Each structure stands twice: as structure tokens, then as C-alpha cells.
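What follows is one structure encoded as C-alpha cells, with my remarks underneath.
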Amino acid sequence: MLFGINLNNLTDKKNITQLQIGESALITAFADGQIAAKLMAMGLLPGTTLALLHKAPFGGAYYIKINNHYLALRVNEAKNVLITSAS
Amino acid sequence: MSVQKYKIALLGNPNAGKSSLFNQLTGLRQKVGNFPGVTVERKSGIIKDNAIDVEIIDLPGTYSLYPTSLDERIAVHALIDSKNRDFPDAIIYILDVTHLERHLLLLTQISDLQFPIVVGLNMNDIAEQQNMYCDEKLLSQALGIEVIKINGRTGENMAMLKSKAIDLLQQPISNRQVFYTINEQEKNIAKDVALLLPVRNEYHALLLAHHVKRSTFLEQNIKQQLLQINAKHQFNPINNQLDEIMQRYNAFVPIVNKVLKRSFDNAKTLTDKIDRIVTNNYFGPILFFGLMLFVFQAIFAWSAFPMDWIDLQFANIAASLQASLPDNLFTRLLTEGIIPGISGVLVFVPQITILFLIITVLEEVGYMARAVYMFDHIMQKFGLNGRSIVSLISGGACAIPAIMSTRTISNWKERLTTIMVTPLISCSARIPVYAVLIGFIVPSYKLGIFNAQGLVFMALYLIGIVSALIASLVFKKVLKSTDVSFLMLELPAYRKPHWKNVFFTLYEKVSSFVFGAGKIILIVSIILWFLASFGPSTAMKTAENTAIIESSLMQADSATTQLHIASRKLEASYAGHLGKCLAPIIQPLGFDWKIGIALITSFAAREVFVGTISTLYSIGKDADNLTIKQKLQQEKNADGQPVFSMAVALSLVLFYVFAMQCMSTLAAVYRETKSWKWPAIQFAYMTGTAYLVSLLVYQFLK
């Protein structure tokens, strides 16, 4: 296995909404299975690095970059992506 | 020798360049229809090759075999339902080399379904710009699938891809790597499913068990039995789905690392730089509204000339036919019913073309996804989805294609709400009505740099937009939904528009209007012509005689007499009767029976209002707006008051802002929702609002 998946919702973990604009982080796990399934199909995998590039002008959405592609996530989607600071 | 018929499906992730490739493969020999039961466009094209006939089907893009929206589900059903009309004999898979990992997920899934596959490796030129290189021979070896480097935009290696795909039809599948090994529990489920349904292999059986709830192609009793199988084995679809995706990534990430040479430099890409401005907190929204202003400016300024030209051409054709053909019923049907009907459809082509040209280009370069991202949150507050913004903007041209564009919204409630409120956005057919009536509301004078009439025009558009948002709020409260709502939107890297794609999309949208809406507009205009030309025969004769006597009393010249006869006859016709029946209902709004007739005839398309009013007031067909306005201003009713007072004009114009005066839109809503319930509700709430608003305005101002 290259990377494992952790479905336990650990409250002390950071998620995307807690990142500063421009900050990068490593995806560690997802908090919700259904959202995880869809996010993983779109290339968000545990072990990949993501960067938060922008927040939407009227709030509510996050603009992230993973490898060389870009995704927009809603707050409740972004909250489900658990991360640790990139070393 | 009999001709063998085969189906090859074109499959890939969204944004993989599938439509460019489809256009390259089939050119203009493509057919656009609908997938059965839904209005998702089904594009197919025929390739002939010696003794075989191959139909190429462009399946909607999807990220995996686990769909989340209607069009993704169509693609998946075509692959797992062996009785599906589009179940392919082979698959051409479009793989975007710049997003190899993500796009390999679906490929390994269909590979495990044992389809014959050839891979078109696309976007190599962009990969080169990003210092990426993919060894397609190694990739082909690792997958056990033929891989060909192609360029969907230039058509490079298209012939090779085509011939390899055709070869697949006669070759057995050679040894492939299996990417997903199913576990004991899944094996048992698959065994039970295989007893119930014909399956290709265990993975196929498992997918059928997974998708049972949304599988419209299964009979009810089969569904029940599948659900029982799932319950018996305590099948948890989400967990299995996650395990499967992880296992697949684990299997192909090492392959990617082996075949792809790349360097992730942290340098800012062009897209990074553009989006610093385009999605900026302040500049982003300003740019968006600037673009919208540009769109509306373009619709008004650039379409006036071609619209007048189309109008004139058809008027000339009708006139010359009238002069050269014998004066009989057929000639009149042709020159007064059919030709004006066609003209009424085609006159909107310039506006619709311009709007969709701009929308398509914005979509092609990648801007629309940014607009969706920026406004999703606001749209959510109104019970809509960020994607609704594309439909609402398209509604400014014509509600029909706008309603069709809602299919990318995966949440049913959000999609339905978008469908229900889009017709409140003032479409191009309202413009002629507004243009004639606005002169009665305010005179043309300058307010600073603005023209007062221009401001009223803008206000009417704003009322449309605001009321669409208010209606959304109501639907948000009323409609129930258990569907989860997603955004999860891919923001594609900015790229130059591919003009061939723009052309094909534009061609499709415009022809869907001309042949979809146009058909209904034409039929309704013929019916309305009949209603307006015929009546109880004695009444029609009396009307003509009365008109002749009245004209001679007024010592009118022959042209005026003709106009007067036409007006009197329309009054005596079936349409006139309908108008008079309507009169008591619409009288509180300030409308007389003549306006009643126009309300009925404009149900074909709103702009018919202008033509009907011109006939009723004996203005003549070729009059321009100015003449119509001047003539209408002179019209007095029985007590000497002008018919078109400010109160009546405002009441009428607001009626057109709100009322559901469009047969074709209702038909489109029926097709999208597959029920007459929603078009009926839409008609009731829009026309009801129109009635109330007009009533209040007229009673207050008169």
C-alpha cells in the first residue's frame, strides 16, 4: 500500500478551511465516505499535496491546486479533507 | 455480403478533449439526438469501413463508474447494461496526459469490465509545454492496452486511432492486467448476482449490485432481488467504492511514475497568474458584471442589422409570392401563416447566435467554471447551484437552450429550481414587445448621460432577474430533496478557444432552437393564423361589409380601406371571439379585447404581439416601431381616453415580464422534467404573478 485511508473523524485534525491562502498541506484522510469517494475520483488522494490558492469573493468556496490541476470545493466539502502541514 | 454493424463508444473524463476528438472523427456526419428518456444530448456519427458499419457514440464525460450526475449516469448505464442501445462493442478512451493519474481511474475500471479498448493519449502539446513526457509504449505494455498519441485539435494520428479501433472489433482481448482484485464478500455477492442477470465478470456483477437503486433499466422484481442480495451480504457500497478506488490508485500510480517524466516546479503557471485577477475578491465580480454588460450590448447592437435583414427578406418573399400566385386559401396560408411563422423563428437566430457564441467562447477558454466558483455561495442562498448561473445567463437569449443546459446540475432540487425560474429572465423575444410599449411609459429624453427609455429597459431586465431570485427562494422553501448537493468543480487550465469546437457547439445550440422551438412556434403560428383568418362565415362577411361602408363614409383611400377591413375581420374571427371572451378577465388590468387577442396570439412567441396589434389597429405589416407607436398613440377608446395610456402600457409591459407566454418553453420543461406537473406549475405561478402585478399597477395608476 502506498497510502492508507482513515475514515475516523479526528477532531484535532486540520482541514482545508483552516489553511491560509497560499499555504500548502498534505492530505491525510477524509471525514466522510461519500464525499471522499467523489473527491478521490477527482484526484484528491491521501498523500498528495494541495495548496489553497483563493477563497471565493462572496465566501463559501475554496479554490485549490493539486499537482497541476485546480478544483473548487464548497465549505462542507473542504471541511472533509483532513490535512497536516507539508514538511 | 451483409454489412456488420458495430458500436464504438468514445469515453473519457470531463475536459479530456472528447468533443474535439469526436468532431475530428466524424466531421459533419454527426447526428444529435437524445439518450432515451432524458434530454441529455446523444451525439453519434457513422464511419464506413469496407464491410462494416461503425457507429461512434460520444458518451458524456465521467470521472469514474460511480456517477453523481444525470449525464454521468447515462455513460455508466451504457457500459453496465448489456441491453442498452449504446452498449459498445469497443471503446476509444481519451486520456489526458497532463492529468494521467486521475484519468487512469476510469480506464482501469472499463479495462476490468473486459471491453476491447484503444487509448488516445491526448494533450501531448500541452504536456510538452509543462516539461512532461510520457512513454506511450511503456504505458501500453503496463496496461495491456494499445496507446496512440493523438492531437484532438489538429487531428494528428486520427486515421491510426480509427483503424486500431476498428481492428479491435475482430480481435479477442489479449492478456490484461487486472487492477482490482475483489474480496471474498464481493465474490459472494457477484455469484448471487450472476444467477439473476447475465454478467461479463465478477466486477460487472458487483457494479450492478452497487448501482441497483438508480438503475432505471432494471425491472422492479430484479431490483428487489438485487436489494435482497445486498442486504443478505451486508454490502456497504460506499466503503467498497473507497477500497476499490484506493486499490486502483495503488496499482497504477507506480505505472504513472514509470512512464511519465515530469517536474513539478512551483513556478506560477499562466492559469495561476490569470486567476489572481479573474477570481480576485474585488476585480472578479467587477469583471463578471462587465462581461455581462458586454453580452447585452452585443445582443442589442450587433443583432439589429441581421434581424432587420431577415425580416425584410421574408416580407419580400411573402409579397412577391402574393403578387405572383393566385389569391386563394393556399397562398394565404403560405404568405400569412407559414412564411411569417418561419420568419418569426429565424429572426431570433442572430441574437441567439451572438449570445451563445460569447457563452461558448467563455466556456471554451475556461472562464465559466470560474464564474460558477465565484457565485456558488450566493446561488446556494437562493436554493440554486453555482452552475445555475450559466443557465440564467443563457436565459437572456432563449429559455429553451438555457433549460437544457441545467443537466450538469447533479442535485435534482437545484436543477428543478433553475428550470422553473429561468423563463423569468427577459429573453430576446420580449425585446420587440418592450421596444414598442416603452414609448408609452416614458418619453425619450436624456437623464444625464442616460436615455430615460434605456433606463426603463434596464429596469425591466432587472425586475426579471430579481423576480427569478425571489421565485428561487420560494422553491427552496417548498421543494423537498434528500439529494446531497455538490460543487466539487474542476477548474480547467485556461486555453485558447478551439474554433472548430465553438462552431460545432454553436451550430448545435442554434439548430436545437430552430428545429426544436422553431417547430412549435411554426405550428402554433399556423393555428393562430387560422384562428385569426376564419370565423363564423356570416360574421366575417358582415364585418367586411361594415368595414367597407365605414371606410367609404370616412372617404378613405383604398389602402386604408384594406387595413380597416383586415382589422374588422380579425375582430369577427375566432381569435377575436377568444379575445372578447378574455376581455372581462383582463379588463381590471386595463386591457381591452384587442390586447386580449394579442395575448392569445403571442402565446406562440411573445414578439407576435407586435404583429397582431399592428393588424388590429390597421397599421399595416411593414410599419416600423416608430409608426406603430405614433398610430397607437392616436387610438382612443369609447370614452375618448387613449387606449395606450401610461397605466395600460406599464401594466402590459410588466405582464410580459412575468407571464409564461411561450409554448415552446413549456414543451422544453416537459421534456426535461418528464411530467406535465412542472410546466403546469410554472405556467400558473408566472402568469398568476403577471396578473397580480399588472392588476396592482393598473389599479394604482389609472
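Can you tell me which of B:N183, B:N122, B:N175, B:N201 is polar (S, T, N, Q), within 27 Å of B:W499 (Cα to Cα) and at pLDDT below 95?
None of the other options fit; the residue is B:N122.
If B:Q247 satisfies every condition in (1) assigned to a helix (DSSP H, G or I); (2) more than 14 Å from chain A (Cβ to nearest Cβ); (3) of a type in the set (S, T, N, Q) but one, which is the exception?
Checking B:Q247 against (1) assigned to a helix (DSSP H, G or I); (2) more than 14 Å from chain A (Cβ to nearest Cβ); (3) of a type in the set (S, T, N, Q), the one that fails is (2).
Are any of the residues in segment B:6-26 open to solvent by 30 Å² or more (accessible area, probe 1.4 Å), hydrophobic (A, V, I, L, M, F, W, C) and either in a loop (DSSP other than H, G, I, E, B) or modelled with pLDDT of 80 or more (or both)?
Scanning segment B:6-26, I find no residue that is open to solvent by 30 Å² or more (accessible area, probe 1.4 Å), hydrophobic (A, V, I, L, M, F, W, C) and either in a loop (DSSP other than H, G, I, E, B) or modelled with pLDDT of 80 or more (or both), so the answer is no.
Could you please find all residues in segment A:36-75 being in contact (Cβ under 8 Å) with a residue 40 or more places away in the chain and either more than 14 Å from B:L489 (Cα to Cα) or within 8 Å of chain B (Cβ to nearest Cβ) (or both)?
Of everything in segment A:36-75, those that are in contact (Cβ under 8 Å) with a residue 40 or more places away in the chain and either more than 14 Å from B:L489 (Cα to Cα) or within 8 Å of chain B (Cβ to nearest Cβ) (or both) turn out to be A:A36, A:L39, A:L45, A:P46, A:G47, A:L73.
Sort out which residues of segment B:458-510 are crowded, with 17+ Cβ neighbours inside 10 Å, small (G, A, S), more than 14 Å from chain A (Cβ to nearest Cβ) and not in a helix (DSSP H, G or I), and write them in order of number.
Of everything in segment B:458-510, nothing turns out to be crowded, with 17+ Cβ neighbours inside 10 Å, small (G, A, S), more than 14 Å from chain A (Cβ to nearest Cβ) and not in a helix (DSSP H, G or I).
Counting only residues that are of a type in the set (G, A, S) and at pLDDT 90 or above, how many does segment B:556-597 have?
3
Quick one: in segment B:541-558, which of the residues that are in contact (Cβ under 8 Å) with a residue 24 or more places away in the chain and surrounded by fewer than 17 Cβ atoms within 10 Å (Cβ to Cβ) is farthest from B:K631 (Cα to Cα)?
Out of the qualifying residues, it is B:T542.
Quick check: is even one residue across segment B:90-106 surrounded by fewer than 23 Cβ atoms within 10 Å (Cβ to Cβ), in contact (Cβ under 8 Å) with a residue 24 or more places away in the chain and assigned to a loop (DSSP other than H, G, I, E, B)?
no
Each row is one residue, and each column tells you yes or no for (1) aromatic (F, W, Y); (2) under 17 Å from B:I419 (Cβ atoms); (3) out of contact with any Ser or Thr (no Cβ under 9 Å at 6 or more places or on another chain); (4) surrounded by 15 or more Cβ atoms within 10 Å (Cβ to Cβ).
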site: B:V608; (1), (2), (3), (4): no, no, no, yes
site: B:S618; (1), (2), (3), (4): no, no, no, yes
site: B:D624; (1), (2), (3), (4): no, no, yes, no
site: B:K629; (1), (2), (3), (4): no, no, yes, yes
site: B:G640; (1), (2), (3), (4): no, no, yes, no
site: B:A647; (1), (2), (3), (4): no, no, yes, yes
site: B:L650; (1), (2), (3), (4): no, no, no, yes
site: B:A659; (1), (2), (3), (4): no, no, no, yes
site: B:W678; (1), (2), (3), (4): yes, yes, yes, yes
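Scan B:Q661, B:Q682 and give me the residue that is closer than 21 Å to B:V466 by Cβ and outside any helix (DSSP H, G or I).
B:Q661
Run down B:L455, B:L437, B:L392 and say which single residue is part of a helix (DSSP H, G or I), open to solvent by less than 10 Å² (accessible area, probe 1.4 Å) and either on the phi > 0 side of the Ramachandran plot or away from chain A (no Cβ under 14 Å) (or both).
When all the criteria are applied, what remains is B:L437.
Looking at this structure, is B:G120 buried (at least 22 other Cβ atoms within 10 Å of the Cβ), closer than 29 Å to A:A37 by Cβ and among the small types (G, A, S)?
yes
Would you be able to tell me the number of residues in segment B:107-130 that are within 15 Å of B:V256 (Cα to Cα), within 31 Å of the chain's Cα centre (by Cα) and assigned to a helix (DSSP H, G or I)?
1
Filter segment B:47-62 down to the residues that are surrounded by fewer than 22 Cβ atoms within 10 Å (Cβ to Cβ) and of a type outside the set (V, I, T), then identify the one that is nearest to A:M40 (Cα to Cα).
Result: B:G61.
Taking into account only those residues within segment A:76-87 that are outside any strand (DSSP E or B) and more than 8 Å from chain B (Cβ to nearest Cβ), which is most open to solvent (accessible area, probe 1.4 Å)?
Among them, the one singled out is A:S87.
Evaluate the following for B:N157: is it of a type in the set (S, T, N, Q) and on the phi > 0 side of the Ramachandran plot?
yes
Hey, among the residues in segment B:329-357 that are open to solvent by less than 70 Å² (accessible area, probe 1.4 Å) and free of Cβ contacts under 8 Å to residues at least 24 places away in the same chain, which one's farthest from B:G395 (Cα to Cα)?
Filtering first and then ranking leaves B:T331.
For segment B:261-285, which positions are surrounded by 12 or more Cβ atoms within 10 Å (Cβ to Cβ), of a type outside the set (K, R) and in a helix (DSSP H, G or I)?
B:T271, B:D272, B:I274, B:D275, B:V278, B:F283, B:G284, B:P285
For B:Q380, all conditions in the list (1) more than 14 Å from every other protein chain (Cβ to nearest Cβ); (2) closer than 17 Å to B:S481 by Cβ; (3) open to solvent by 20 Å² or more (accessible area, probe 1.4 Å); (4) not acidic (D, E) hold save one; what is the number of the exception?
Against the list (1) more than 14 Å from every other protein chain (Cβ to nearest Cβ); (2) closer than 17 Å to B:S481 by Cβ; (3) open to solvent by 20 Å² or more (accessible area, probe 1.4 Å); (4) not acidic (D, E), B:Q380 comes up short only on (1).
Please find, among B:E101, B:E72, the residue that is touching a Pro at 6+ places or on another chain (Cβ under 7 Å) and within 14 Å of chain A (Cβ to nearest Cβ).
Every option except B:E72 fails the conditions.
Kindly indicate whether any position in segment B:205-217 is in the same structural domain as B:P67 (by TED's automatic domain parsing) and open to solvent by 50 Å² or more (accessible area, probe 1.4 Å).
For segment B:205-217, residues in the same structural domain as B:P67 (by TED's automatic domain parsing) and open to solvent by 50 Å² or more (accessible area, probe 1.4 Å): absent.
For the structure I just gave you, tell me whether B:S405 is open to solvent by 20 Å² or more (accessible area, probe 1.4 Å) and under 12 Å from the mean Cα position of the chain (by Cα).
For B:S405, the condition - open to solvent by 20 Å² or more (accessible area, probe 1.4 Å) and under 12 Å from the mean Cα position of the chain (by Cα) - is met.
Can we say B:A304 is surrounded by fewer than 19 Cβ atoms within 10 Å (Cβ to Cβ) and modelled with pLDDT under 85?
In short, yes.
Which residues, counting only those in segment B:199-242, are touching a residue at least 40 places away in the same chain (Cβ under 8 Å), in a helix (DSSP H, G or I) and not β-branched (V, I, T)?
B:Y203, B:H204, B:L207, B:L208, B:H210, B:R214, B:N230, B:K232, B:N240, B:Q241
I need the helices (runs of 4 or more DSSP H) fully contained in segment B:543-637, keeping only those with at least 2 residues that are polar (S, T, N, Q).
B:558-572, B:608-616, B:625-634
Among the residues of segment B:234-249, write down those that are open to solvent by less than 30 Å² (accessible area, probe 1.4 Å) and either modelled with pLDDT under 90 or not aromatic (F, W, Y) (or both).
Matches in segment B:234-249: B:N240, B:Q241, B:L242, B:E244, B:I245, B:M246, B:R248.
Within the group B:K187, B:K258, B:K164, which residue is out of contact with any His (no Cβ under 7 Å at 6 or more places or on another chain), assigned to a helix (DSSP H, G or I), touching a residue at least 12 places away in the same chain (Cβ under 8 Å) and open to solvent by 80 Å² or more (accessible area, probe 1.4 Å)?
One residue alone meets the criteria, B:K258.
So, in segment B:286-301, how many residues would count as being within 14 Å of chain A (Cβ to nearest Cβ), under 25 Å from the mean Cα position of the chain (by Cα) and open to solvent by 20 Å² or more (accessible area, probe 1.4 Å)?
Residues that pass the stated criteria total 2.
The values are calculated or read from the model by the stated rules, or taken from the named source; none is laboratory data. Bear in mind the structure is a predicted one, so any value in this text is a computation, not a measurement. Every residue, glycine as well, gets a Cβ built from its backbone with ideal geometry; the counts of neighbours run over all protein chains shown. Ligands, DNA and RNA are stripped out before the accessible areas are found, and what is left, the full protein with its side chains, is counted by its heavy atoms. Shrake-Rupley method; radii C 1.70, N 1.55, O 1.52, S 1.80 Å.
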